[in-house]
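The values are calculated or read from the model by the stated rules, or taken from the named source; none is laboratory data. From a predicted model like this one, the values you see are computed outputs, not experimental measurements. Cβ sites come from the backbone with ideal geometry, for glycine too, and all protein chains shown count toward neighbours. SASA here: full protein model, heavy atoms, side chains in, ligands and nucleic acids out. Shrake-Rupley method; radii C 1.70, N 1.55, O 1.52, S 1.80 Å.
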Amino acid sequence: MLQWERGRVLEVSAPWRGVQMLRVARTDEPVESEGEASADGPSTVPALSYPELVGEIAEGEDVLLNANALRRGLGTGGQALVVARTGELPEAQQPTGHMVKARYTPMQTLVDALDDPGSPHRAALETTHDLDGMPVVLADLHSALPAVVAGVRAQAPEARIVYVMSDGAALPAAYSRTVARLRETGDLVACISAGQAFGGDLEAVTVHTALLGAKAVCGADVVVVAQGPGNLGTGTDWGFSGIQAAEGLHAAAVLGGRTVAALRVSGADARSRHHGVSHHSLTLLGRAALAAADVPVLPAESDRDTDPEDTAFSQYVRQQLERGVVEPALTRGIGHRIVDVPRAGLREALDDSPVGLRTMGRGMEEDPWPFLFAAAAGRHAARLADPAGR
């Protein structure tokens, strides 16, 4: 059920491409759907707006807000979302394509997709039938993206990296400050929004055509496939949005790509199901995957300069993978390959990332392992893209 509010815009800023951040004064009581108490007295709320959907908003305008997640205090609820400008209509746009995203919602939007009959890229897609061994990194969480990119850059500074954003979490690509910054610095040559996701540099109907477009149109050396910000988890075996990474794995495999799994790993998460290798990665690779992937890990080094706790953690991760991924997958005929990736230089590459690294509320100092393992996946992918550079 919806909770809508009316408000007047007091301040407007545009901190990154594709969004406006607003401060909005409530002008009436929220339209309640569940009988929750209204806020007492006048107040202001932060709000986020997508110009692609509602046009550019100016100070003093009246807007209609969706405040569902904000009022529930959910992880995706840091701001209200602008539904419409009540006094203005956005300028009409005339896309040449006919693909609709966010279909059959009030905010459905027409986009020009790679796959459209009228697309200038249609011919390139029609003549590209496989990925010809291009490495594709599959990640559960959006927060892994900058770490994977850092790992690729540590191995192959000039590599062309494309991000394919699936529709498991946030649908607007503009919501990702990470993508905006990595595009700004040139660390990503393109973002392709696939499925119901929209707002990338290029649009695709499926992950399959997004991967083909990354190769044929963007000239990618490495592709990273992951959902946008806003992972949803329920604590059940199968109830998490990151399970969608299996679709990316299968698409890459059937199209002849080299699949690389970026593990979700933590040394600081207090929840046992996410300590070491997360149950998300174990389920994804051990039970959901129908094709094999390379699974990069950090070797359990034991020289005198290595922290014994680091060695013990790496050994623990490998044991979890053997029991929770390799063995169960083999019973279904899936032969995942655990690959040792040297960690030298990865920490420095992560420290140089143009994007702040955080996952589940923790950064490098609190929990370096999620980023190190994601960077290892990036390094391995870069080595596959350029075998001579190994």
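Measure out, as a whole number of angstrom, how far apart the alpha-carbon centroids of region 273-302 and region 4-18 sit.
41
How would L290, L171 line up by accessible area, probe 1.4 Å, largest first?
Largest accessible area first, the residues go L290, L171.
For region 178-196 and region 101-169, write down the distance between their C-alpha centroids in whole Å.
Region 178-196 and region 101-169 have Cα centres separated by 9 Å.
Which net charge results for the neighbourhood of R122, defined as the other residues with beta-carbon distances under 12 angstrom from its beta-carbon, given Lys and Arg at +1 and Asp and Glu at -1?
-4
Kindly report, to the nearest 10 Å², the accessible surface of W4 as traced by a 1.4 Å probe over protein heavy atoms only.
W4 exposes around 90 Å² with every protein chain in place.
Relative contact order for the chain: what percent, with Cα pairs under 8 Å and sequence separation of 6 or more?
Across the chain, relative contact order equals 16 percent.
Keeping all protein chains in place and using 1.4 angstrom, which order do R332, R379 fall into by accessible surface area, from largest down?
R332, R379
Calculate the dipole size of the chain relative to its Cα centre from +1 charges on Lys and Arg beta carbons and -1 charges on Asp and Glu beta carbons; express the result in debye to the nearest 20.
Working: 34 positive and 49 negative charges, 152 e Å.
Once rounded to the nearest 20, the dipole reads 740 debye.
Rounded to the nearest 500 deg cm²/dmol, what is the calculated helix-only ellipticity per residue at 222 nm for the chain, with -39500 (n - 2.57) per DSSP H run of length n ≥ 4? Let's see the in-between values first.
Working: 12 runs with 101 residues, N = 390.
Computed mean residue ellipticity for the chain: -7000 deg cm²/dmol.
If you work out Rg and Dmax of the Cα atoms in Å from the coordinates, which of [x] 21.6, 89; [y] 21.9, 68; [z] 24.1, 79 do you get?
Label of the calculated value: [y].
Any idea of Y175's accessible area? Nearest 10 Å², probe 1.4 Å.
So the heavy atoms of Y175 present about 60 Å² to solvent.
Percent of accessible area on region 139-226 owned by carbon and sulfur, 1.4 Å probe?
Carbon and sulfur: 48 percent of the exposed surface of region 139-226.
Would you tally the net charge around I57, using a Cβ to Cβ cut-off of less than 12 Å, leaving I57 out, and scoring K and R as +1, D and E as -1?
On the way: positive: R8, R23, R85; negative: E11, E56, E59, E61, D62, E88.
So the environment of I57 carries a net charge of -3.
Let me cross-check F373: its accessible surface, 1.4 Å probe, with only protein heavy atoms counted, in Å² to the nearest 10?
About 0 Å², rounded to the nearest 10.
Along the charge dipole of the chain, which of G361, T311, A113 sits closest to the positive end, that is, farthest toward it, with unit charges on the beta carbon of Lys, Arg, Asp and Glu (+1, +1, -1, -1)?
T311
In a shell of Cβ-Cβ distance under 12 Å around T209, excluding T209 itself, what net charge do Lys and Arg (+1) and Asp and Glu (-1) give?
Details: positive: R122, K215; negative: D115, D116, E126, E203.
Result for the local shell: -2.
Could you tell me whether region 148-284 comes out rounded, prolate or oblate from its Cα gyration tensor? Rule is a ≥ b ≥ c as square roots of the eigenvalues, rounded for a/c under 1.5, then prolate if a/b exceeds b/c, otherwise oblate.
Because a/c hits 1.5 or more and a/b exceeds b/c, region 148-284 counts as prolate.
Going by accessible area, probe 1.4 Å, with all protein chains left in place, what is the ranking of M107, M165, largest first?
Sorted descending by solvent-accessible area, the residues read M107, M165.
Can you give the accessible area per residue of the chain, in Å², using a 1.4 Å probe?
It amounts to 45 Å² per residue over the chain.
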